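Visitor: My questions all concern the structure below.
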Amino acid sequence: MPVRPPWALAEDDFVARCTRCGDCLGACPTGIIEKGRGGFPLVSFAAGECTFCGKCVEVCKPAALVRAEGKAPWSIRARIGEACLALQGVVCRSCGDRCEPRAIRFRLAPRGVARPELDSGACTGCGACVAVCPADAIAMFEPAEAAV
Ligand code: SF4
Ligand code: SF4
Ligand code: SF4
């Protein structure tokens, strides 16, 4: 399923409300919102990260994006795949350096290169680690889809 902008309604409601006006695309300071299939907006972390500034929500007149007290922006989380250089024995800490909540920690391996460990509980799904990974090893996923 595509990643909708933060604080989007559940997919069916989102698609029903979103008029595909594109206002959120222009409002996003990091430029991570693109026009996706059918003209509906989706988030791509290839261009940057979500700072959770809420500007996309502010400009969404049809209220397909709704920021409410205590409502999480989304449930997506980052996952580090096998292509990770550090997991292959090559020194790299690029993702950890960009992770503000410090959800990625490097654990020293005996006689080896420190390996990244990602704490999904601390990850906000901001996507800041995605584009900086030289091995393109980090992907975002919906935890609910992980077991599928
Ligand atoms: S919250 Fe801000 S940075 Fe995140 S998608 Fe919306 S406008 Fe872009
Ligand atoms: S940036 Fe990529 S290659 Fe480097 S440690 Fe993180 S996941 Fe591994
Ligand atoms: S998505 Fe953001 S919070 Fe999660 S591991 Fe990557 S940089 Fe850290």
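Read the figures in this text as sums done on the coordinates, not as results from a lab. Since we're looking at a predicted model, the values are computed, not measured. So basically every Cβ, Gly included, is an ideal-geometry build from the backbone, and we count neighbours across all protein chains shown.
Visitor: Principal axes first, then extents: for the Cα atoms of region 18-148, list largest minus smallest coordinate on each axis, whole Å, largest first.
Guide: Projected onto the principal axes, the Cα atoms of region 18-148 cover 56, 30, 28 Å.
Visitor: In addition: Would you mind getting me the FRET efficiency between Leu42 and Ala83? Use the beta-carbon distance for r and R0 = 25 Å, nearest 0.05.
Guide: It comes to 0.60.
Visitor: How large is the dipole of region 11-59 about the Cα centre if only Lys and Arg carry +1 and Asp and Glu carry -1, each at its Cβ, rounded to the nearest 20 debye?
Guide: Values: 5 positive and 7 negative charges, 35 e Å.
Value, rounded to 20: 160 debye.
Visitor: For the chain, set up a Gaussian network in which alpha carbons nearer than 10 Å are linked by springs, and say which option among Leu65, Leu118, Leu108 fluctuates the most.
Guide: Comparing Leu65, Leu118, Leu108 in the GNM, the peak value goes to Leu108.
Visitor: Follow-up. Over the chain, with a Gaussian network built from C-alpha contacts below 10 Å, which listed residue (Ala78, Ala137, Ala128) shows the highest mean-square fluctuation?
Guide: Ala137
Visitor: All other residues with a Cβ under 13 Å from the Cβ of Phe45 taken together, and with Lys, Arg as +1 and Asp, Glu as -1, what is their net charge? Walk me through the numbers on the way to the answer.
Guide: Working: positive: Arg77, Arg79, Arg98; negative: Glu34, Glu49, Asp136.
Computed value for this residue: 0.
Visitor: In a shell of Cβ-Cβ distance under 11 Å around Gly36, excluding Gly36 itself, what net charge do Lys and Arg (+1) and Asp and Glu (-1) give?
Guide: With Lys, Arg at +1 and Asp, Glu at -1, the net is +3.
Visitor: Just the Kirkwood number for region 11-59, please: inverse of mean 1/r across all distinct Cα pairs, in Å, one decimal.
Guide: Kirkwood hydrodynamic radius for region 11-59: 11.1 Å.
Visitor: Still on this structure: How high is the FRET efficiency from Cys21 to Leu108, r the C-beta distance, R0 41 Å, rounded to 0.05?
Guide: With a Förster radius of 41 Å, E is 0.25.
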